[in-house]
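These notes are about the structure you will find just below.
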Amino acid sequence: MRVGSPLSLGAHVSAGTSSIGISRSGGAPGTPGACITPPPAPTARQLVILGGFRVDDGHARRLERHARHLGFHDLRSLLQARCDTGHSIPALAQELGVSHWTMTKALATLGIVLPPRPQRLALQRRHHAEQQITRRVVQLGFHDLHAYLTDRVLHRQWPQAAVAAELGTHLVRVRDLIGQAGVRRAGPTARQRAVAQRARQVQAAVWQAPRAARVADLGFPDLAAYLECRVGQGWSIRRIRAELAVSRSWLAAEMVRLGYRQ
């Protein structure tokens, strides 16, 4: 009868022992020969990372350097400042030299929240207008807006309307720029005083005609004759005002001008 081999009988040979339990090192497990070849020492397979980590393909480091070059503490402060002034994602990507996808990913990674679309569009329009004003100031030969406003408003005493026309913007915007730049006049200019004086003269002439007509209707040649009569009759200022339909300040000024004491 043919005896089969251990393999044909279903015996199993492991990497460390034979099918009958004999160690490959020369003895059965538990015998002194089994300790001749000690097993390898276990290796540590645990990776401990403290403080978190971020996969960086080089874009983040380059953007951080660019932000510090522009005077910002880090990339987050740069992007937040740009978004607060209405910069769009394409404009940010163009300024930093990256793709739109990279810029969108950077905003999401840093947790920067963009303003709502209507507010963002308004900020973008304002930013565009500021850029136009800055370019116009440089074209006129000034290094910044403060120097331009100091020359036009303080030295040349231009009215704000003339400044707005030269910059191609609105009068309200010019007033905001003057306030932001801290340019303040000590008082009205000579031109403004002259314009105000002419306006007062025109207004006085307009008001004088109906008042003179009222005095004539009452039978007096002029205001001086009227006041001489009414003051002599003991009329109060309130009664004279009611008859002439004039303001108290105007009547008081005219009485002082004609030599009547209050």
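The values are calculated or read from the model by the stated rules, or taken from the named source; none is laboratory data. What you see is a predicted model, and the numbers here were worked out from it, not measured in a lab. Cβ sites come from the backbone with ideal geometry, for glycine too, and all protein chains shown count toward neighbours.
Look through Q119, Q94, Q124 and report the one residue that is assigned to a helix (DSSP H, G or I) and surrounded by 15 or more Cβ atoms within 10 Å (Cβ to Cβ).
Q124
Within the group R200, R239, R175, which residue is in the same structural domain as I133 (by TED's automatic domain parsing) and free of Cβ contacts under 8 Å to residues at least 60 places away in the same chain?
That would be R175, the only listed residue that is in the same structural domain as I133 (by TED's automatic domain parsing) and free of Cβ contacts under 8 Å to residues at least 60 places away in the same chain.
Can you tell me which residue within the stretch 205-215, out of those that are within 53 Å of the chain's Cα centre (by Cα) and surrounded by 11 or more Cβ atoms within 10 Å (Cβ to Cβ), is nearest to A161 (Cα to Cα)?
W207
Considering the stretch 238-262 alone, what residues qualify as being aromatic (F, W, Y), closer than 17 Å to E228 by Cβ and in a helix (DSSP H, G or I)?
none
Scan the stretch 156-177 and give yes if some residue there is in a helix (DSSP H, G or I) and in contact with a His (Cβ under 9 Å, 6 or more places away or on another chain), otherwise no.
So far as the stretch 156-177 goes, yes, one or more of its residues are in a helix (DSSP H, G or I) and in contact with a His (Cβ under 9 Å, 6 or more places away or on another chain).
With the checklist (1) surrounded by 10 or more Cβ atoms within 10 Å (Cβ to Cβ); (2) over 30 Å from V246 (Cα atoms); (3) in contact (Cβ under 8 Å) with a residue 12 or more places away in the chain in hand, flag the one item L218 doesn't pass.
(2)
Inspect all residues belonging to the stretch 248-255 and state whether any of them is modelled with pLDDT under 90, surrounded by 13 or more Cβ atoms within 10 Å (Cβ to Cβ), among the charged types (D, E, K, R) and farther than 29 Å from R125 by Cβ.
Yes; the residues of the stretch 248-255 include at least one that is modelled with pLDDT under 90, surrounded by 13 or more Cβ atoms within 10 Å (Cβ to Cβ), among the charged types (D, E, K, R) and farther than 29 Å from R125 by Cβ.
Keeping to the stretch 68-93, report how many residues are closer than 22 Å to P118 by Cβ and not charged (D, E, K, R).
12
Restricted to the stretch 185-221, and to residues that are in contact with a helix residue (DSSP H, G or I) (Cβ under 7 Å, 6 or more places away or on another chain) and modelled with pLDDT of 75 or more, which residue is nearest to R156 (Cα to Cα)?
Top of the filtered list is R211.
A199 fails exactly one of the following numbered conditions: (1) surrounded by 13 or more Cβ atoms within 10 Å (Cβ to Cβ); (2) more than 24 Å from the chain's Cα centre (by Cα); (3) not β-branched (V, I, T). What is the number of that condition?
Answer for A199: the failing condition is (1).
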